[in-house]
Structures are given as structure tokens and as C-alpha cells.
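Working notes for the structure below.
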Amino acid sequence: MNRISVQTEPFDIAAVQDKLRAGNPAVGALVSFIGLMRDINEGDAVSTMTLEHYPGMTEKALEAIVAEADERWDLMGIRVIHRVGELKPQDPIVLVAVASAHRGEAFRACEFIIDYLKNRAPFWKKERTAAGERWVDARHSDKEAEERWSE
């Protein structure tokens with residue numbers, strides 16, 4: 001199974017989790033994060049969001065993040081799926097799933113991956129609001145989340 005995917009299609013969360021633990025009774029923890037599209041941002045209602053990426057470069061950045069998590073913690077499986085294209089509120093955008101023998105490593109690795117993904121993976125978001133379309137800037141809080149892993 002590929003560790004990372006960038007795709008337009010929705011993903012099956014349960015199927016991904018099942019594949020991560022299948023046939024490995026040593027897996028004692030499976031932690032998942034699912035990011036959903038919100039219907040409001042910066043106080044404005046958002047009707048749709050279009051996610052763009054740089055094919056090849058985005059996958060390489062995601063693989064580097066996953067490889068770093070794999071080096072930091074003793075993991076038994078990692079799966080990252082990020083959607084691109086047009087999304088509507090409540091659509092799943094990103095899935096990070098991590099399997100390990102123990103919950104602590106799985107939780108830390110999952111959080112590390114999403115924190116790094118928010119800053120290091122080249123994705124661009126354009127929201128559609130009643131006032132028109134706008135590009136979404138990076139959040140300062142996302143940078144702070146990434147920086148705490150270097151402590």
C-alpha cells in the first residue's frame with residue numbers, strides 16, 4: 001500500500017484503517033486524524049474551496065514528512081491521503097492514519113504529520129464566499145504547531 005496519495009476522489013476511512021492493521025496482531029494502536037472543510041473562515045461563510053497542488057512536488061514533500069515521522073517513532077504503518085479539487089463544507093480533505101504497538105507513539109506521529117503537512121506540503125486553497133473568491137493565507141498558529149516539534 002502506498003503511504004501517501006493526493007487525489008480528487010473521497011477516501012474510505014474505515015478501509016484505510018483496516019489495511020493498516022490487517023494481518024499484524026502486534027498493532028496495539030491506530031490513530032487517525034480527519035480534516036474536514038469548514039463552512040466559515042475569517043468570519044465569512046464559505047460555499048466551496050478549491051485545493052490546488054504541484055504534482056510530483058507535493059507527493060515528494062508528503063513522503064519526506066512521513067519518512068521523518070517513521071524515523072522519530074517506532075511505527076507499523078502510516079497512510080496520508082490529501083484531496084485536491086473542489087470541496088464543499090463537511091467534505092473530508094485530509095486523512096492521516098498511524099499504526100504502532102503503543103498509543104503514545106501513534107498519537108505523537110499523527111500530530112507531527114498533520115502539523116508538518118500544514119506548512120511543508122505545497123497546497124493552495126481558494127475559497128468561494130458571497131464576496132467572491134480569495135486565496136487562503138497560512139495561519140500563524142500552524143507555524144507555531146510545526147515549530148514545537150524542533151524543541
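The values are calculated or read from the model by the stated rules, or taken from the named source; none is laboratory data. All figures in this text were calculated on a predicted structure; none of them were measured in a lab. Ideal geometry is used to build each Cβ from the backbone, glycine not excepted, and the neighbour counts take in all protein chains shown.
Residues checked against (1) modelled with pLDDT under 95; (2) hydrophobic (A, V, I, L, M, F, W, C):
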position	(1), (2)
Val31	no, yes
Thr50	no, no
Thr58	no, no
Val84	no, yes
Ser100	no, no
Phe107	no, yes
Trp135	yes, yes
His140	yes, no
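For segment 99-110: of the residues being surrounded by 17 or more Cβ atoms within 10 Å (Cβ to Cβ) and not hydrophobic (A, V, I, L, M, F, W, C), which is nearest to Val27 (Cα to Cα)?
We begin by selecting, within segment 99-110, every residue surrounded by 17 or more Cβ atoms within 10 Å (Cβ to Cβ); these are 99-100, 105-106, 108-110.
This time we only want the ones that are not hydrophobic (A, V, I, L, M, F, W, C), so: 100, 105, 108.
Details: Ser100: 5, Glu105: 12, Arg108: 16 Å.
So the residue we want is Ser100.
If you go through segment 22-34 and keep only what is closer than 18 Å to Glu111 by Cα and surrounded by fewer than 16 Cβ atoms within 10 Å (Cβ to Cβ), you end up with Gly28, Ile34.
For segment 105-132, a residue qualifies if it is in a helix (DSSP H, G or I), more than 19 Å from Gly85 (Cα to Cα) and in contact with a strand residue (DSSP E or B) (Cβ under 8 Å, 6 or more places away or on another chain), and the qualifying residues are Glu105, Ala106, Phe107, Ala109, Cys110, Glu111, Ile113, Ile114.
Free of Cβ contacts under 8 Å to residues at least 40 places away in the same chain, in a loop (DSSP other than H, G, I, E, B) and over 13 Å from Ile81 (Cβ atoms): does that describe Pro55? No: the conditions fail for Pro55.
Restricting Asp18, Asp44, Asp12 to those that are modelled with pLDDT under 95 and surrounded by 11 or more Cβ atoms within 10 Å (Cβ to Cβ) reduces the list to Asp44.
Taking segment 8-52 as the range and being closer than 20 Å to Asp115 by Cβ and part of a strand (DSSP E or B) as the test, the residues that pass are Ala29, Leu30, Val31, Ser32, Phe33, Ile34, Gly35, Leu36, Asn41, Leu51.
Within segment 111-144, restricting attention to residues that are of a type in the set (A, V, I, L, M) and surrounded by 14 or more Cβ atoms within 10 Å (Cβ to Cβ), the residue that is farthest from Thr50 (Cα to Cα) is Ile113. Confirm whether Asp70 is in a loop (DSSP other than H, G, I, E, B), over 12 Å from the mean Cα position of the chain (by Cα) and among the acidic types (Asp, Glu). In short, no.
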